[in-house]
Amino acid sequence: MPPAPATEKPVRPPGIDLKRHLALRVTLFACLIGLGASAFVIDHSTRRIGEHVRLSGPTVEQLIGRELDTPRDGFDRSADGLALALPDALGRLLRLCIEVHTFYANQSRQRCYPDASDTAPAAVRALLAWQLGDAARHAGPIRQYPGITVGHVTVTPDLDSEAAALWQQLRLVLAISAGVLLLNLLIYLPVRRALRPTERVLDTLRRLEHGDLTARMPRPALVELRRIAEGFDHLAERLQRTDRRQRQLAQRLLTVREQERRRLARELHDEFGQSLASIRAEAACAADAPPAERAAAIDAIARSTAVMMDNLQRILHQLRPVGLEEFGLRASLTQLADTARRHHPACRIDLCLADDIDRLPDALTVSLYRIAQEGLSNALRHGAPRQIRLALERDAHGIALTVEDDGTSGAQDTRGSGLGVLGMTERVEALGGHFSLTPRQPCGMTLHAGFPPSALTHGDLADEHPPAAGR
């Protein structure tokens, strides 16, 4: 025989580490902010510098032309001694470099207006120079009165000053990005502290997985996790109570089964055994007796057979009411109430049954009959009531069985403390219903068993056990 294949564990999708996920998200956000803002600052600076050179170039041409028109010694038309149009303060503000080339003696002169208060890294200057290229450059002629071109002027941005200004803006962007990263750290630390109890939560889940139903969740400081822990503990308590009830019911079922076997063995031995022995003896006598005496032996055999049939019907009725299948639930409950009235004439028993209750699934029919039998029996046994109302109602919400009594007892009422309630509860919950046993005011008890509409269409449990003897 080939070995059974090993059970494969289900493949779980990879989980998400919330702390790591949050840190990566915020870090990525900070980097995107830094890169986007830096790109915007560089592009804005490039556009500004190009526009500034384009607008300032003609003005510088005119200023240099007027400076050349200024009378100087003799006929000096060289570039020597030119102020190159701009005062130092204004030049540093405009951040321009001016190069003048005169045709007189082919002379050139260049002047920038650096600001030594700040410098930029070489990489920033190189990036700005690459970004600007040759676009940020203005070249024009220098004309002298009366309109003679004596040279040309070139206006370019002062890369050192512009790079320093750009570096100041980039440092602000980097400071904002660093602030976002610091905010990331400030968020990460409380989140890690708040999620630290998750290890204890996982430990509690492992204990529950291994069958320790007493394990309970810790109470984290985080409100959301605390609510989850409280809800989980509530479910664990219900599971523990259900497990305890199932164990009690299993023990009770084993005990009832052994008791039933002993009772059946005793019944078979005492009733059927004696009757069969009597029939055997009468048959032996009839075989040897003369014809005149055989009639008496036959009558004795017939009487023993009738007694056996009565005992058989009694045992079958105890195991399962025969009328429940032959005549339906309505007739069986009516017979149950009539039997209770005969045994307790001082108690008034009212029966209120819905119309269509004889076409229910077998499991539901048996459960309703057994619960009614148990509830009616316990009300009469423990409460000494004067009136009992047994109602079976059916509507769009399902079907409900109610047993109400006004019983009182000199001793403490124990109708809700035994295994009978456990058996009824298991019957109801097995079909997805709800069972309750509550005191009435001023006295008595109310038994309620409600079944959902799903229990009316199919049955999942067929219970052939007799009702519990008591609670």
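Residues in the range 24-32 carry Karplus couplings, in order, of 5, 4, 5, 4, 4, 4, 5, 5, 5 Hz; the curve used is 6.51 cos²θ - 1.76 cosθ + 1.60 with θ = phi - 60°, and Gly or Pro positions show x.
Ligands, DNA and RNA left out, the 1.4 Å accessible surface of the range 119-186 is 65% carbon and sulfur atoms. With a 1.4 Å probe rolled over the protein heavy atoms of all chains, the accessible area of TYR113, TYR188 falls in the order TYR188, TYR113, largest first.
Annotation: VAL223 carries an accessible surface of approximately 80 Å², with a 1.4 Å probe and no ligand, DNA or RNA atoms counted.
These residues, ARG111, ARG386, ARG244, go from largest to smallest accessible area, 1.4 Å probe, as ARG386, ARG244, ARG111. Note on surface exposure: CYS31, CYS112 rank CYS31, CYS112 by accessible area, highest first, 1.4 Å probe.
The figure for GLU429 is an accessible area of roughly 80 square angstrom, using a 1.4 Å probe on the protein chains alone.
Here LEU32 sits with roughly 110 square angstrom of accessible surface, probe radius 1.4 Å.
The values are calculated or read from the model by the stated rules, or taken from the named source; none is laboratory data. What you are looking at is a predicted structure, and each value in this text was computed from that prediction instead of being measured. Side chains included, ligands, DNA and RNA excluded: accessible areas come from the protein's heavy atoms. Shrake-Rupley method; radii C 1.70, N 1.55, O 1.52, S 1.80 Å.
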